[in-house]
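Working notes, structure below.
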Amino acid sequence: MEYTNHDMDLSKITDYDSIKDKIVCKLINEEANEEFLQDKPYTKIEDMAVVYQILLDKSEESITCVNITDGLMEEYGVTVEELHSRALENMEKQPYVFKGISQIVDEVIYGCIPTEQNMDRNEAGKSATQVIEDSQDTIFVLTNNTMLNGAAEILNDNTRQEIAEKIGDFYVIPSCIHETIIIPKDAGMELDELEHMVQEVNYTQVAPDERLSDQVYEYDAKEHELFRSDRAGERVKQKEERKENGHERISVKDKLAEKKNTVLEKNSEKEHKKAEKKKEASR
């Protein structure tokens, strides 16, 4: 399938109401696309960036998109947060694909192998097999139904929750912009193994302009959070600090409420004494 990406303001897409249902998001590497992002609204996700596009046309042969620039966003009168929310809402309307890697490797992994390696299909298959050998039951692929820019599916928390219901908390290998690799945390793989995997996939099977991240991510279903695995300790520390600060705020609030109740009780006692004195004076 051909993917056409336009980077221009077109008169037919300046009316927000007419295009809001066509807004989609694309997940890219932030550092590698620094120049591209200069005039684009985007949401930072660790070392990745979520950019927004208008899906103009979609068929079995091709997909045509227009990038939303800062100028277009200003024309629409919306914020980055609103673009992000709308893109995720539109994503809900389209089916995602979540399959074992053995089922999808032919369409996805092969499709990401750079043509400059001059591999034929058989060679590509051998290369892919070296990475996924003996792991087909514990490695899954998440993408969209077109298998183009499908890595953005990991941004949808409803999708993440549905996956977690099937396999529990999981690691995410965001190697390619077209899909992410999902591995259950109870599969027994160590973080250093996963880090080696993402680097192996990126530099042997993914074209440079399609690489997404060299980092391993993970999803906490209970907290609904996607975060970098190498920052898990930092995340725990921050949560503990927030918890401690939260307790302090609650404590202060309770003290103020207690003080207020004390004042009300004292005022009530004073009023009661005044009433009693009036009764005695009237006798």
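The values are calculated or read from the model by the stated rules, or taken from the named source; none is laboratory data. This one's a predicted model, so the numbers in the text were calculated from it and none came from an experiment. We work out accessible area using only protein heavy atoms, side chains counted, and drop any ligands, DNA or RNA first. Shrake-Rupley method; radii C 1.70, N 1.55, O 1.52, S 1.80 Å.
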>> Amide H of GLU179 versus every other amide H placed in the peptide plane: which residues, excluding those fewer than 5 positions away on the same chain, fall under 5 Å?
In response: GLY150, ALA151
>> Using alpha carbons only, how many angstrom separate the centre of segment 81-96 from the centre of segment 168-219?
In response: 24
> Over the heavy atoms of ASP157, what accessible area does a 1.4 Å probe trace out, to the nearest 10 Å²?
Replying inline: 40
> If you rank GLU153, GLU35, GLU210 by how much accessible surface each has, with a 1.4 Å probe, what is the order from largest down?
Replying inline: GLU35, GLU210, GLU153
> Taking a 31 Å limit on the Cα-Cα distance, which of the listed pairs LYS99/LYS222; LYS93/LYS239; LYS44/LYS222 fall beyond it?
Replying inline: LYS93/LYS239
>> For LYS99, what residues show an amide H to amide H distance below 5 Å, using hydrogens built from the backbone and excluding near sequence neighbours?
In response: VAL141
>> Residue by residue through segment 187-195, what is 3J(HN,Hα) from phi via Karplus (6.51 cos²θ - 1.76 cosθ + 1.60, θ = phi - 60°)? Round to whole Hz and write x for glycine and proline.
In response: 6, x, 8, 7, 4, 5, 5, 5, 4
